[in-house]
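Have a look at the structure below before the remarks.
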């Protein structure tokens with residue numbers, strides 16, 4: 001089944017404790033992206049990657065890191081989480097570029113609470 | 001970053017009613033997409049509109065792209081409880097690189113029996 005998977009789905013952590021949210025897609029998509037979703041603010045792009053070893057900042061990259069060592073995986077790293085990073089996170093992928101006319105396939109989301 | 005504003009933010013209607021939600025911007029978009037997000041899930045693409053004035057239909061949903069490609073609307077005829085969800089519009093951000101996708105803040109729709 002073609003899908004985007006994220007792990008974990010739910011995570012409670014404390015300020016400053018490094019964490020990684022994994023994202024994997026099995027559709028051989030070139031483009032992958034991370035978003036955070038907050039009430040009243042909608043979905044905001046954190047980072048994106050157009051291919052292996054190619055990543056770039058989205059609209060809200062501060063406090064996050066990403067890597068794209070393999071085509072299928074695009075982990076999101078929070079080196080020192082803070083309470084303002086409490087949010088619902090989505091990973092997405094699409095076949096080629098951003099999806100100006102292409103479908104973005106979203107994962108099920110990771111709900112993060114930073115205490 | 002180009003902004004997309006959606007209205008209304010919330011809409012609660014009864015089954016069988018019609019409704020329209022709007023997605024507006026001061027910027028021109030080469031295309032716009034509409035997604036629906038159900039609780040506990042990620043957004044799912046409904047449609048992409050690419051030509052000014054274009055109208056697309058998906059069963060009871062009608063999508064229109066404005067002539068000037070700055071706005072779009074979604075009209076639902078005879079809403080059903082299964083239409084409940086968060087409706088998001090999205091468009092490519094060309095201020096920097098076309099690789100960024102900008103989302104509107106969404107319209108949360110609830111359809112009751």
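The values are calculated or read from the model by the stated rules, or taken from the named source; none is laboratory data. On a predicted model such as this, the values are computed, not experimentally measured, just so you know. Here Cβ is always computed from backbone atoms with ideal geometry, including for glycine, and neighbour counts include all displayed protein chains.
Laid out as a table, the results:
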| quantity | calculated |
| --- | --- |
| Test result for residue B:20, part of a strand (DSSP E or B) and touching a residue at least 24 places away in the same chain (Cβ under 8 Å) | yes |
| Residue that is farthest from residue A:3 (Cα to Cα) [pool: residues in region B:7-36 that are at pLDDT below 95 and surrounded by 18 or more Cβ atoms within 10 Å (Cβ to Cβ)] | B:25 |
| Residue in region A:77-89 that is buried (at least 17 other Cβ atoms within 10 Å of the Cβ), touching a strand residue (DSSP E or B) at 6+ places or on another chain (Cβ under 8 Å) and within 11 Å of chain B (Cβ to nearest Cβ) present | yes |
| Only listed residue being within 14 Å of chain A (Cβ to nearest Cβ), in contact (Cβ under 8 Å) with a residue 40 or more places away in the chain, buried (at least 19 other Cβ atoms within 10 Å of the Cβ) and touching a strand residue (DSSP E or B) at 6+ places or on another chain (Cβ under 7 Å), chosen from B:106, B:42 | B:106 |
| Yes/no for residue B:52 being away from every other protein chain (no Cβ under 12 Å), modelled with pLDDT of 90 or more and under 21 Å from residue A:102 (Cβ atoms) | yes |
| Residue within region A:51-70 that is closer than 20 Å to residue B:33 by Cα and either at the interface with chain B (Cβ under 10 Å from one of its Cβ atoms) or buried (at least 21 other Cβ atoms within 10 Å of the Cβ) (or both) present | yes |
| Selection within region B:45-55 - part of a strand (DSSP E or B) and buried (at least 16 other Cβ atoms within 10 Å of the Cβ) | B:45, B:46, B:47, B:48, B:49 |
| Which numbered condition residue A:11 fails, given (1) part of a strand (DSSP E or B); (2) under 20 Å from residue B:39 (Cα atoms); (3) without any contact (Cβ under 8 Å) to a residue 40 or more places away in the chain | (3) |
| Complete set of residues in region B:67-86 that are part of a loop (DSSP other than H, G, I, E, B), surrounded by 18 or more Cβ atoms within 10 Å (Cβ to Cβ) and modelled with pLDDT of 95 or more | B:79 |
| Qualifying residue in region A:49-56 (condition: modelled with pLDDT under 95 and within 11 Å of the chain's Cα centre (by Cα)) | yes |
| Residue count for region A:22-41, restricted to those that are surrounded by fewer than 21 Cβ atoms within 10 Å (Cβ to Cβ) and either touching a helix residue (DSSP H, G or I) at 6+ places or on another chain (Cβ under 7 Å) or part of a strand (DSSP E or B) (or both) | 3 |
| Selected residue (criterion: farthest from the other protein chains (Cβ to nearest Cβ)) from residues of region A:16-27 that are without any contact (Cβ under 8 Å) to a residue 60 or more places away in the chain and farther than 9 Å from residue A:91 by Cβ | A:20 |
